[in-house]
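The values are calculated or read from the model by the stated rules, or taken from the named source; none is laboratory data. Only a predicted model underlies this, so the values are computations on that prediction, with no experimental measurement involved. Cβ atoms come from the backbone with ideal geometry, glycine included; neighbour counts cover every protein chain shown.
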Amino acid sequence: MTSNVIGMTTSAAAPGGSEGAITTGDTVTGRLVEANRRYAEAFTDPGMDARPVLHVAVVACMDARLDLHKALGLQLGDCHTIRNAGGVVTDDVIRSLTISQRKLGTRSVVLIHHTGCGLESLTEDFRTELEMEVGQRPAWAVESFSDADQDVRQSMQRVRTSPFLLHTDDVRGFVFDVRTGLLREVDPA
Ligand SMILES: [Zn+2]
């Protein structure tokens, strides 16, 4: 294995080696790559179209305790899943939903926040903290919240009022309880 030399800028050539081999080793990513090998061994091409079978896009928090497919009985190919910290509807979520609806045929939107979300322990002060540490204020809002229900309502409102979306009549919001596994619907009003 060739070593990288700091300051050397003339060549970015990757070291040669066995074609297609991925280094696994004793790292988290290595473990994932190993798991993927086993997955691919049992995998058969489902021959699916990219358009979600259930015509639905789910926007949810990235929280590790929320297994969207299991929690919602979803199968491969059923839906689009769009996840970020909090499951909040940011401009980038609107971007994905716009493509999902206009190019890939989804019509329903499901929004999922959850109990015990990390966003509840943050405030917009986090941006100031970052600025003090790195000398640059992030352009993005933290999108922190103290009331998950209220934030689900705000997210529903952002979807419903987006000029880019074709379908805003079937938009429902929920809070997932990480202790019981149950969804509770949030009244949009
Ligand atoms: Zn969360």
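What to note about this one:
- Taking the criterion of being closer than 23 Å to ARG65 by Cβ and not in a loop (DSSP other than H, G, I, E, B), the residues of the stretch 114-133 that qualify are HIS114, GLY118, LEU119, GLU120, SER121, PHE126.
- Some residue of the stretch 146-153 being small (Gly, Ala, Ser) and either without any contact (Cβ under 8 Å) to a residue 24 or more places away in the chain or loosely packed, with under 12 Cβ neighbours inside 10 Å (or both): yes
- Residues in the stretch 50-65 that are in a loop (DSSP other than H, G, I, E, B) and either within 23 Å of ARG95 (Cα to Cα) or away from the ligand (no atom under 16 Å from the Cβ) (or both): ALA50, ARG51, PRO52, VAL53, LEU54, HIS55, MET62, ASP63.
- Contact map, the stretch 73-93: residues that are without any contact (Cβ under 8 Å) to a residue 40 or more places away in the chain paired with residues that are small (Gly, Ala, Ser) and away from the ligand (no atom under 14 Å from the Cβ), Cβ distance under 8 Å, separation 6+ or inter-chain. Pairs shown: CYS79/ALA57; HIS80/ALA57; HIS80/SER96; HIS80/SER100; THR81/ALA57; ILE82/ALA57; ILE82/SER96; ILE82/SER100.
- A single entry from ARG179, ARG95 fulfils the requirement of being modelled with pLDDT of 95 or more, surrounded by 12 or more Cβ atoms within 10 Å (Cβ to Cβ) and not hydrophobic (A, V, I, L, M, F, W, C): ARG95.
- Test result for VAL110, part of a loop (DSSP other than H, G, I, E, B), touching a residue at least 12 places away in the same chain (Cβ under 8 Å) and not acidic (Asp, Glu): no
- Members of the stretch 66-89 found to be in a loop (DSSP other than H, G, I, E, B) and surrounded by fewer than 18 Cβ atoms within 10 Å (Cβ to Cβ), listed by number: ASP67, GLY73, GLN75, LEU76, GLY77, ASP78
- Matching option when the condition is more than 14 Å from the ligand (Cβ to nearest atom) and in contact with a strand residue (DSSP E or B) (Cβ under 6 Å, 6 or more places away or on another chain), among THR123, THR128, THR81: THR81
- Residue within the stretch 134-145 that is of a type outside the set (Phe, Trp, Tyr), more than 15 Å from ILE82 (Cβ to Cβ) and not in a loop (DSSP other than H, G, I, E, B) present: yes
- Residue within the stretch 155-162 that is farther than 19 Å from VAL53 by Cα and in a loop (DSSP other than H, G, I, E, B) present: yes
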